[in-house]
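Reading through the structure tokens given below for one structure.
The numbers here are math on the coordinates, done by the rules we state, and not lab data. The model shown is predicted, which means the values in this text are computed figures rather than measured ones. Glycine also receives a Cβ, built like all others from the backbone with ideal geometry; neighbour counts cover every protein chain displayed.
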Amino acid sequence: MKLSTRIALAVGVSVPVLVLASGWLLLHLVGNDLRTHQDDQLRARATIVAKNAKAYLDVAGTDHPLLERVRRGRLVNSARDVGIRLTGPQGTISAGPRPDPYPTLPRQAPDPVSVTSGGKDWLVLSLRVGAAKEGTTPNLWLLSPDTAEDELALVRGRLLTGALLAAALAGAAAWAIAARAVLPLRRLQRRTSGLDPRTSSVRLEHTPTRIAEVDDLAHTVQTVLARYDEQVARTGEALATARAFAATASHELRTPLMSMRTNLDILTDHPGLDPEDRTEVLGELGREHARLLGLLVMLKALAQGDLIEADAFTSLDLAELVEASVADLRRTRPDAEVSVRATAGVRVHGWEQGLRSAVDNLLANAWTHGRAADGVARIEVTLRPPGGGHRATAVLAVDDHGPGIAPECREDVFERFRRGPDSPGSGLGLTLVAQQVALHQGRITVSDRPDGRPGTRFAVSLPATGIQDVEHTLPLLPRDWLTGTPETLWIRPHPGPSGGVPG
């Protein structure tokens, strides 16, 4: 059923109901007013009739017959529009309109009461006049036709007629008005009926109609389609990431698995292998196993970064995160000498697991490739609070004492599987760092140590919030780190002396 038809039916039903309800109230009020008016008229006439009746009774049965006839005639004339019944010493006098058959009159009716006779209602009022004393039977009754019900019946009929006419007219008017009012909805329905997001990229283009409901519905449809497109895109990204993960894992795991197989064959085919050779083979197996495990962990982390959603971001204390990462490095690598200068309360809006992984990999890279000439891994970690400006940033710097990185290689270190000749890593550590910096709308720079001593500085700049809880408003960049590193506009290599390339 169309909306206009529903509105017409609703109005066509509700209008007569409202008319009848208001008519019922009006009839009640009018009926009370009519009866009150009739009672007042009867009381006013009773005053005149009672005066004439008393005057008649005063001369009835006396020696003044002429005066008696005059006063009797005056009494009868006062009862032209009301009926009277007077009992006296000379008998009963009845005049004016009266019911047929004559009803039994009430003995006590100081106020008008209703009696029925011959199917008609009459108002009756009783009085004591003349010689009648208090406590005796009334000797004067006044009767008046009760016309209130007839008048109310006429009003009821006209009210019902009006309600029926109002139902038809209101329904027709409501249908016409509703049909015109829903035209924008019908136009919107025609524009949206042909939209199929599965087969077409055409989307709803809506011009505001200044009708709140229509504009809100159009906005909702646009939002639903936009969410559909977003979810389709995210599903495509997830599928691409899964395919890339499978392809990359199968490609990168082939070599260490083949090497491990070769070593296992050597151990199997030569049970009497020299102990030194056996130790060397087992050591190589352990290293390959560690490399496989690290590679899988890094691929999983990259895949998580490619699929991270905005609602995973929250307000974080970067100083606490750095302290936790440094404490973990000291626990797992006791030979590392790490110094930390971090300002407490530096808050950023980020993904805790991703930022922690980035800091862990920066520290692991410095421990692996940033050893001094004496072989000791000395690492300085500095966290500077945000300064002034329109967009305040916090800067995390990790300095090592290694041989440094050549300027022409500083951008290459972030590529996937870029490893140095003797690197024990998977070649994905710094790629993961770069991915997280990009996801957090930050920048990473590679430079020499600022104090002029040998070594490398990795500096990460992240937007700082300065508040406890904020909503994520930065758009997430397109993610394709498993299939290839995106544009590296966020990487700024600094010139410096030549050196090794970390993995």
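In which sequence would H369, H28, H349 go, from the one with the fewest C-beta neighbours within 10 Å to the one with the most?
Values: H369 24, H28 11, H349 21.
By the 10 Å Cβ count, ascending: H28, H349, H369.
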Considering only DSSP states other than H, G, I, E and B, which GluC sites (Glu not before Pro) in the stretch 49-153 qualify as loop sites with at most 16 other Cβ atoms within 10 Å? E134
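Which trypsin sites (Lys or Arg not before Pro) from the stretch 1-110 combine a DSSP loop assignment with at most 15 other Cβ atoms within 10 Å?
Answer by residue number: K2, R80, R107.
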Based on the mean of other Cβ atoms within 10 Å per residue, sort peptides 435-447, 308-320, 277-289 so the most packed one is first. 435-447, 308-320, 277-289
Considering amide H positions built from the backbone, and no H for Pro or chain starts, which residues 5 or more places from I379, or on another chain, come under 5 Å of its amide H? E337, V338, S339
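Using every Cα-Cα pair within the stretch 1-101, state what percent have a distance larger than 23 Å.
On the way: 2742 of 5050 pairs.
Within the stretch 1-101, distances greater than 23 Å cover 54 percent of Cα pairs.
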Distance in nm between L26 and L239 label points, each 7 Å along Cα→Cβ, equals 6.9 nm
Phi-derived 3J(HN,Hα) across the stretch 27-38 with the Karplus relation (6.51, -1.76, 1.60, θ = phi - 60°), rounded Hz, x for Gly and Pro, is 4, 4, 5, 5, x, 4, 5, 4, 5, 5, 5, 5
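Among 256-268, 396-408, what's the highest-first ranking by average C-beta atoms within 10 angstrom per residue?
396-408, 256-268
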Compute the FRET efficiency between R330 and E411 as 1/(1 + (r/R0)^6), taking r as their Cβ-Cβ distance and R0 = 22 Å, and round to the nearest 0.05. 0.10
